[in-house]
Every structure is written in C-alpha cells, then in structure tokens.
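Enquirer: Have a look at the structure that comes next, please.
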Amino acid sequence: MMKQKKTQNPEFKFQYQLNSCSKSKDLRAAISLYDDAVSLNTTRFNQHHFNALLYLCSTSVTDPSLKDSALDYGFRIFNHMVELGLNPNEATVTAVARLAAAKGDADYAFDLVKSIGKYKTLPRLRTYDPALFCFCERLDANKAYEVEEHMKVSGVVLEESEIAALLKVSAQNGRADKVYEYLHKLRSSVRCVSETTALVIEEWFCSGNGCEVVGEVGLDAGRVKEGILRNGGGWHGLGWVGKGDWIVRKTSVNDEGDCSNCNERLVCVDIVDEETEKFAQSIAALAMEREVKAHFSEFQGWLEKHASYEAVVDGANVGLYQQNFADGGFSTSQVDDVVKELYNQSGKKWPLVILHNKRLRGLMENPSSRKLVEEWMNNGALYTTPTGSNDDWYWLYAAVKLRCLLVTNDEMRDHIFELVGSDFFNQWKERHQVHYTFVKGNMKLQMPPSYSMVIQESEKGSWHVPSAPGSSCESSRTWLCITRPSAQDAVATVSNGVDDTSGNGSLSSHHNPSDFHGRQRCVNGVGSLDSHVDMNNTTSVTGKRKERSPPL
C-alpha cells in the first residue's frame, strides 16, 4: 500500500520520468515533462531537477534540430531556478555557460564563472571552458587571456585542449610572445601532444607571422647554455633565436635521441635534486599517514645506512608476472633473473628487492626458492616489509630517495599513486621506471629512454615536438622537427674549448639512472664543465654538480 502511494506521488513520478529522459537524452520529452509540471503546479522543484534539465539542454545544442529549443528552454529554466531562490552549484553554472557559449555570448559565460563565488561554490576547468573556447573562436585574444588569468587565481590548471586553443588564438593574432609562452606551457604540462595540437604548432611556424619572428640580437651563448642547464635540460626559455623562415618536417628519433631530419641529439630531462628530495619527503609523509609510523620510520633509517643501491625491484610484481595459470604461483626464478641482470649491468652491484614478509615465509618453506632468497639476503639485496603494510610505499620511496631505477610493470595508477600527484610523478616515472618481459623464459629489461619524450627547445632555437604514437610501438611516434637556417649563427660559440654544436651538454649526478646502463647522462643542474673526447672523436661534456644558479 505504501509503495503504491509513493508511486502515485507527483514529485516521485516527475523524478522517475526525468531520470528516464536523462538516460535516453530525450530533450523533447524532458521539455514536455517540465511544461506539464509547471502548468499543473504539482511538483516542488529542487536543484537536482533543474540541473538535470539544464544538462540536457546544454548537451543538445550541438544538434541543429534541437539547438533553438535547447537555448530557449535552457535560459528559461535557469531563470525559473533563480526566481525560486535555489542557489546554482558548479554543475548549474557550467551548463548555463555552455548554453551562453553556444549562443555566442562568451561575455555572459565568463560573467557566470566570475559570479560563482556568491553561490559559495568553486569553479572547475569545465566551468571555464565555454567562455575560454568561445573567446578563442571569436579571435578575442585579450579576453581569452583574461579568462586564463582568472583560472590561475582560482587554482584551475590548464590542460592540453585549453593551451592549444590559447596557442592558436595567439598565433592567429600574431602574438609571438604569447605563442612562445604557450609552447612552454605545453612543454611543461602536456609532453606528447595530440595530432590536433601538433597541427596548431605546425601552422604557426609555417605562417607569415611565425617566419617574421626575430630573436634577440647578439643573444649571449653562455646565457643560453646556462639557462638550459639551470632548467634541467631541453629548454632555455629566453625567447626566439635566429630569424627567417622555419623549416617544419615530420621526423623520427632513434634510440639514442638523434633526430633523423636535423641530426640534433635530444636530451633527457630529469628532476633536479632539490625537487626530488621534496618528492621523497611527500611520499614519506603520505606513507606514514597510512602505514604504521614506526615501521616506515625504521625503513627510512635502514635506507639511510644502505644508500648505495642503483636499482630497486618490486618483488611481488616481478614474481607474479604471467603466473595466472594452473599451478602458477610466485616465481622466485623470475625475480632472480631480474636481480642477476641488474647485478651484471651495474658492474657487480646488487639491487634492492622489496618483498612483503608474508611472501618471504612461503618462499623459505620451499627448498629451491629458499636457496635464491638466502643468496639475496646474504648479499644485502632484500628488504621485507612488515605485516599489515603496503609494500608499494616502500619500493616507491626507496627508488625516489635513492634517485635510482625502479623495476616494475606496475603503471602506478592505484589510489596511493594518485595521492602523489600526476605531472611530477609522470616525469619521474619516465626517467626511472624499468619495464620487463619474459618471453619463453627469456627475460628482457626495457630501460628508460636516453632522451625525454617532451617538447624540446635547443640552444640553437630549434624545436622538437613529440606527438602521441599511433600504436604502442615507440617507433611509430612522429616528431615535428622545426629549424631555421640562420639559427646556428644567431648565438655565438661559447669559448670554453668545447665544440658542443648539438646543444646537449650533460652533467653527471649522484645515482643518475642513465649512468647505470651507460647511456647519455641527464642534464639536471648547473655544473663545472670539463670536456673529453670519446673513441668516435666526438666531444661530450661532463661535470660535477654544484649549486644551481639563481633564475635569470
């Protein structure tokens, strides 16, 4: 009896039918339902009702047959909501801003966002997008910059589509300074760009405005080189270099980082020591909030006394790899294969295997696995985490703290890694994570690349822009190689006895992962430079770390 009364309740019936309209994205049915509810005056509208209706209207404006109705009813519904004294929330403002942008009224869309504070709610990226993209489409660059500035004050971070839109409107307005600024924002936050963004970049460099850009006359080479070193490599940020037409070609980059078009060698861009230490401290702080504090503190103390490891192994990840078959279990031999390969590659230095003590007890009961485990223990290559712990915190902290390699196929997308933060974490993973495979019992380690898959600006003023690969195969990745003939002469040669025409001078650092496997050292600090000639008569640059110079 109670169920029947509830079903007959007008508000319950309205809510049920509105949910059905939302699921089927049926705007016409939703409008009819709304009109009936208003005329009959039997429904007490709430915020959820209005948001559902506004969302349907805002998503229907892309359909030419529905656009007029969606705009008409969208604003009518919003005004009705305000008249009833119901406060809009972020979802409300976002939906109405989308309606305003679809109408071409970017100013109203932006005004909505600016007034969101009076409703005691905070804007998100999607709240700003309608106004930002509408101003960009109208080629109103100054208003678009104003939206971006408001976003910055609100703590909202730009993503690729927003940066690309700002880059495009800047290019179309001939704002070379802003184009340069947004190229660097892409470099620092996006890394490998989409095909759409790559096209925006290509169009700028091929345009008349792009070719008319002239770099600073007499730009000091030492200042440029110092800027590159100070910034961690791969960019100087001092402005355009050279003059004349740009040459834009699609190219590929080999395993050593050599561009197949201009032969320039790209660099690996690592995280500087100061930032790495802060990163390690943040991981430790999070771990001690979630682990038994005494246990993790004990591990930190142990690691301080055993800080010479050049690689850390996620033992559980390696041991359980491809073991989901009948009679499958934990493969100690797989872990040992990884350990021995790392041992041999590093010049007879043992890596650190992190295992949970629960796993260790099982392995010690098996004679064959016990022999291998005892070998790791005798050589100081094993640390077991205590009962109740999450060993992910331990191997992640160890790898970051020791600035060393981390062997795991774990893509680190679980909730604990979300706590660490995305951009910085992804940059660290690129330079430090080692993947592995076992094919018919044969183990292969996939070391980090000798160069960074990120937009790079050289001291000669050239640019290299990576796009997302067409498949999982790295060789399918396309790069834009952007050079200008006069760039090599625009910056005077540094008179330090080093012929570093590639602009890829490198510095050694404590536990640099690239040193481990004999590849080019990462540029991650300002160093005192010394040159030496290798067997191929090419000159490379090494140096010892010293205090970083202050920003220019």
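The values are calculated or read from the model by the stated rules, or taken from the named source; none is laboratory data. Computed from a predicted model, the values in this text were never measured in an experiment. No Cβ is skipped: glycine too gets one built from the backbone with ideal geometry, and neighbour counts run over all protein chains shown. With ligands, DNA and RNA removed, areas are computed over all heavy atoms of the protein, side chains included. Shrake-Rupley method; radii C 1.70, N 1.55, O 1.52, S 1.80 Å.
Enquirer: Does any residue of region 140-154 turn out to be open to solvent by less than 60 Å² (accessible area, probe 1.4 Å), under 20 Å from the mean Cα position of the chain (by Cα) and under 22 Å from Phe205 (Cα atoms)? Steps first, answer last, please.
Expert: We begin by selecting, within region 140-154, every residue open to solvent by less than 60 Å² (accessible area, probe 1.4 Å); these are 140-141, 144-145, 147-148, 150-151, 154.
In the following step, the residues that additionally are under 20 Å from the mean Cα position of the chain (by Cα) were identified as 148, 151.
So of that shortlist, the ones also under 22 Å from Phe205 (Cα atoms) come out as none.
No; the residues of region 140-154 include none that is open to solvent by less than 60 Å² (accessible area, probe 1.4 Å), under 20 Å from the mean Cα position of the chain (by Cα) and under 22 Å from Phe205 (Cα atoms).
Enquirer: Looking at Trp428 and the list (1) within 22 Å of Asp273 (Cβ to Cβ); (2) over 18 Å from the mean Cα position of the chain (by Cα), which single condition is not satisfied?
Expert: (2)
Enquirer: Go through (1) out of contact with any strand residue (DSSP E or B) (no Cβ under 9 Å at 6 or more places or on another chain); (2) without any contact (Cβ under 8 Å) to a residue 60 or more places away in the chain; (3) surrounded by 13 or more Cβ atoms within 10 Å (Cβ to Cβ) and name the single condition Val292 misses.
Expert: (2)
Every residue, every condition in (1) on the phi < 0 side of the Ramachandran plot; (2) touching a residue at least 40 places away in the same chain (Cβ under 8 Å); (3) open to solvent by less than 40 Å² (accessible area, probe 1.4 Å), yes or no:
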site: Val339; (1), (2), (3): yes, yes, yes
site: Asn344; (1), (2), (3): yes, no, no
site: Gly347; (1), (2), (3): no, no, no
site: Pro351; (1), (2), (3): yes, yes, yes
site: Ile354; (1), (2), (3): yes, yes, yes
site: Asn357; (1), (2), (3): yes, no, yes
site: Arg361; (1), (2), (3): yes, no, no
site: Thr387; (1), (2), (3): yes, no, no
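Enquirer: Pick from Leu27, Leu56, Leu66: which is open to solvent by 10 Å² or more (accessible area, probe 1.4 Å), modelled with pLDDT of 95 or more and in contact with a helix residue (DSSP H, G or I) (Cβ under 6 Å, 6 or more places away or on another chain)? Steps first, please.
Expert: On the way: Leu27 fails: open to solvent by 10 Å² or more (accessible area, probe 1.4 Å); Leu56 fails: open to solvent by 10 Å² or more (accessible area, probe 1.4 Å).
Residue meeting the stated conditions: Leu66.
Enquirer: Note down all Cβ pairs under 7 Å where the first residue falls in region 176-194 and is without any contact (Cβ under 8 Å) to a residue 24 or more places away in the chain and open to solvent by less than 30 Å² (accessible area, probe 1.4 Å), the second is assigned to a helix (DSSP H, G or I) and of a type in the set (S, T, N, Q), and they're at least six residues apart or on different chains.
Expert: Tyr182/Ser170
Enquirer: Please go through region 389-404 and give me each residue that is in a helix (DSSP H, G or I), surrounded by fewer than 23 Cβ atoms within 10 Å (Cβ to Cβ) and of a type in the set (Gly, Ala, Ser), ordered by number.
Expert: Result: no residue meets the conditions.
Enquirer: Can you name every residue in region 237-264 that is open to solvent by less than 30 Å² (accessible area, probe 1.4 Å) and closer than 17 Å to Met453 by Cα?
Expert: Result: Thr251, Val253, Gly257, Cys259, Glu264.
Enquirer: Considering only region 112-132, how many residues are under 26 Å from Pro64 (Cα atoms) and either among the acidic types (Asp, Glu) or surrounded by 20 or more Cβ atoms within 10 Å (Cβ to Cβ) (or both)?
Expert: Taking region 112-132 and keeping what is under 26 Å from Pro64 (Cα atoms), we get 112, 126-132.
Filter once more, so that each one left must be either among the acidic types (Asp, Glu) or surrounded by 20 or more Cβ atoms within 10 Å (Cβ to Cβ) (or both): 112, 127-132.
Number of matching residues: 7.
Enquirer: Please give the number of the condition Glu310 fails out of (1) at pLDDT below 90; (2) among the acidic types (Asp, Glu); (3) within 26 Å of Glu430 (Cβ to Cβ).
Expert: (1)
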